[in-house]
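In what follows, a single structure is set out as structure tokens and then discussed.
The values are calculated or read from the model by the stated rules, or taken from the named source; none is laboratory data. Bear in mind the structure is a predicted one, so any value in this text is a computation, not a measurement. Cβ: placed from backbone, ideal geometry, glycine included. Neighbour counts: every protein chain shown.
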Amino acid sequence: MSAIPVTKASSIQERLRHARFMKEINPFYLRALNKDLDDLESVEPDISFALRGLLLAYQGDLESLKYWNKAIALNPSAGHYYNFGVCCNVLGDHIQALSRFRSALELSKTDTRILHLLRSTFSNFYAYDESKIVVETLNKLEKKSYPFYEDKIFAKFFGSNSQLMLEFGLGTLSVISKHIPFKWILHKEDGLIEDRHYSINIVKCLNNDDVERVAECNAELSEFIVDFEEKHELNLENLYITCEAAE
């Protein structure tokens, strides 16, 4: 999830990984983190601002954006823009997240580490144009031939209309974020069985309430897909997007 480089701040970053999956962050844990972030600010201010932005995003606090803007002002790197996008996603602002991810792409023409992160990220948005750029750039830099399954989705389901495909992706993200905070999504699994395309978001669940929210999310996702299909006169019968509970 993170593209922040390994520095002396790595111990703080590791504790943030644990904080991500806390329903509520223990006050003593939070106090210690904030103290260490204050100390880090005098040494690596942009990293301190970035990590504080991440911590605040995990708490659902829009103050996160202020710290990310500070980090970007000091160091407008691809990594910072990528993580800014991650935090916008966590906060439920997918339009702003996409904008930050696009900035990261512009700045990572030869940074394969960021490009691999963006590969899955743009896939989650059904952002065909950006996904194509990432795959073509990685193939050129690494002299490989990575699969680009979006081509089939693009042509079969969306009539080769990248804007329509992106609108669909943003719509699914909006539905999911209504029910499931994005910090709880572990990863996404995509697969193709015969003519059916499956996209499954694996969600970390701690109790039965979390599992019920996943079920509610899947019900609304199904309704969204049917409505989108009818509105745009598409055939999305074999496109399955769901969330799945995991411990």
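From the list I185, I200, the one residue that fits, being touching a Lys or Arg at 6+ places or on another chain (Cβ under 9 Å), under 24 Å from L115 (Cα atoms), of a type in the set (A, V, I, L, M) and crowded, with 18+ Cβ neighbours inside 10 Å, is I185.
Can you find a residue that is in a helix (DSSP H, G or I) and either exposed (fewer than 14 other Cβ atoms within 10 Å of the Cβ) or of a type in the set (V, I, T) (or both) anywhere in segment 228-239? Checked against the condition, which is being in a helix (DSSP H, G or I) and either exposed (fewer than 14 other Cβ atoms within 10 Å of the Cβ) or of a type in the set (V, I, T) (or both), segment 228-239 yields at least one hit. Listed by position, the helices (runs of 4 or more DSSP H) inside segment 17-101 whose residues that are in contact with a Leu (Cβ under 7 Å, 6 or more places away or on another chain) number at least 3 are 45-58, 78-90. Applying the criterion of being farther than 18 Å from G191 by Cα and among the aliphatic types (A, V, I, L, M) to the residues of segment 118-134, the residue that is nearest to the chain's Cα centre (by Cα) is L118. At least 3 residues being modelled with pLDDT of 95 or more is the threshold, and among the helices (runs of 4 or more DSSP H) wholly inside segment 113-206 those reaching it are 128-142, 162-179.
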